[in-house]
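These notes concern the structure reproduced below.
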Amino acid sequence: MDSSARSSRSRLRLASKVILLISLMLSARLPSFGLAAEVRAVRVARGPKIDGLLSDPVWREAAPFSAFRMAEPQPNQEPTEKTELRVLYDDTNLYIGVLCSDSEPRRIAANSLSHDSGGETQGMGYGGYGAMPQSSSDDVVRVLLDPFQNKRTAYFFFVNPRGARGEGLIIGGQSSLNWDGIWEARARILDNGWSAEMAIPFKTISFRPGITTWGLNVERIIARKLETVRISGTNRDSNFYNPMEAAGLTGIEGVKQGHGITVRPYGLASAWNENEAGTHGEKLDGGVDVYKNFTPNLVGVVSYNMDFAETEADERRINLTRFPLFYPEKRMFFLEGSETFSFSSSVSFQPFVSRSIGLYQGQQVPVLFGTKLYGKVGQTNLAVLDAQTDKLGDLPGRNFLAARMTQDIFSESKVGWIFTNGSPTGERNSLFGMDFQYSSSKFRGTRTSCWPPGPPTTGTRSRAAITASASGRATPTTSGISKARTPITERRWTRASAT
């Protein structure tokens, strides 16, 4: 009897596990209840004047889209204020106009005038590269563009009522401000609300030729009401920075990126005269950066005698610990394409830290030249960087190399490898690592399970992720461009949001 009872209990437990597994598989196929809108772009011979006002007659050619829905605080409900969206384009630019009606225009929040001040924190950026979007207390309009329709990567742009703007990149639902593109935006506060105009050159963004539908999402924040409205992705656990949630932007045809060659020269002239010593002299210096778009999404860069005079200064910090402070990369040459170098989803392990190139014990080391190739070929993401520094006193010149490749698999997952070599001190310092990341923004449809169990989080749509990574070092030194102190193997569950 005891043996029979144990056998029955074992079969019952097995049957319950099978039923649970089947239910999870079926629930993963549940449809999304977010709004799947469609916006049509209208081609015009000449675009509007970008002055923040939608008074240019050419805007009348675009049918206004006003079917915004509330995402917060009451998902899928009617917004308290009306918002209208218009999209135009010509041979060179994509134009986006947004009219934000407001019943109390005097209470519109518009305090910041700084660049990149109207984002929203999402994740930890790309392995520490660049700045992360910070939360904003201003009213703001954000635009997400997915010109490849791969549902993985996108651009985002935002502007507040004072015209302060910012831009960044999105990969897999994570946003970062480490990309600065050339575009234009203006905004005006009106008697009945505020309006914004954006002009995004097709030369600024990469896109896949031949497709007539891009991914688009537009979000408006009404700060005083803590209200968020969007054209798509309006569930409680939706994430604006997830391209899977984007609506469709149709009608874009016959646009080109031009020859894809950008040349950025610079020159520096200086002179000095010391009366007491009776000496004087002059010095001329210069360099050049050359960019070539081999395809709309594969870019090559050659830089000679790099100049970082326009780079933003680091924030001042006081270090009260025995550990060195980590500062994010802000030099444009190293920022462009840096998102590809992100390894695993860990924030404590960074195989490649470009801040070590051109710096030694707090002193700036001249960078003679650098080459870089980054972008996407089919479903393969790649980035290769090589830089050569000049000698500084007794310190000879060094060469630094970093290579990274990932392959998109399934709908949102990837597998890849990374290799780095080089050290500012000349010590042997090489690293090779491999990683695999499985993620899904549609785990169990519009509901989410968490493993390991934990408290609910907000801000992301139903999402589950698993990351496994492994790496090894040639030597245990920590003075190079790799920051893995010992060979490690990491397996982690990334918690999903729960509702």
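Laboratory data are not the source of any read-out in this text; all were calculated from the coordinates shown. Keep in mind it's a predicted model, so treat the numbers as computed, not measured. With ideal geometry, Cβ positions are generated from the backbone for all residues, glycine too; neighbour counts draw on all protein chains shown.
Data table
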{"item": "Burial ranking of peptide ranges 293-305, 169-181 (average Cβ count within 10 Å, highest at the top)", "result": "169-181, 293-305"}
{"item": "Dipole in debye (nearest 20) - region 307-371, about Cα centre, beta carbon charges: Lys, Arg +1; Asp, Glu -1", "result": "360 debye"}
{"item": "Taking MET244, MET332 and counting other C-beta atoms within 10 Å, the order from fewest to most", "result": "MET332, MET244"}
{"item": "Share of Cα-Cα pairs in region 38-250 lying beyond 21 Å, as whole percent", "result": "49 percent"}
{"item": "Sorted by Cβ density within 10 Å, fewest first, the residues ASP307, ASP191", "result": "ASP191, ASP307"}
{"item": "Relative exposure of TRP194, TRP183, TRP417, judged by other C-beta atoms within 10 Å (fewest first)", "result": "TRP417, TRP183, TRP194"}
{"item": "Cα→Cβ-extended label distance, 7 Å offset, between ASN192 and LYS292, nm", "result": "5.4 nm"}
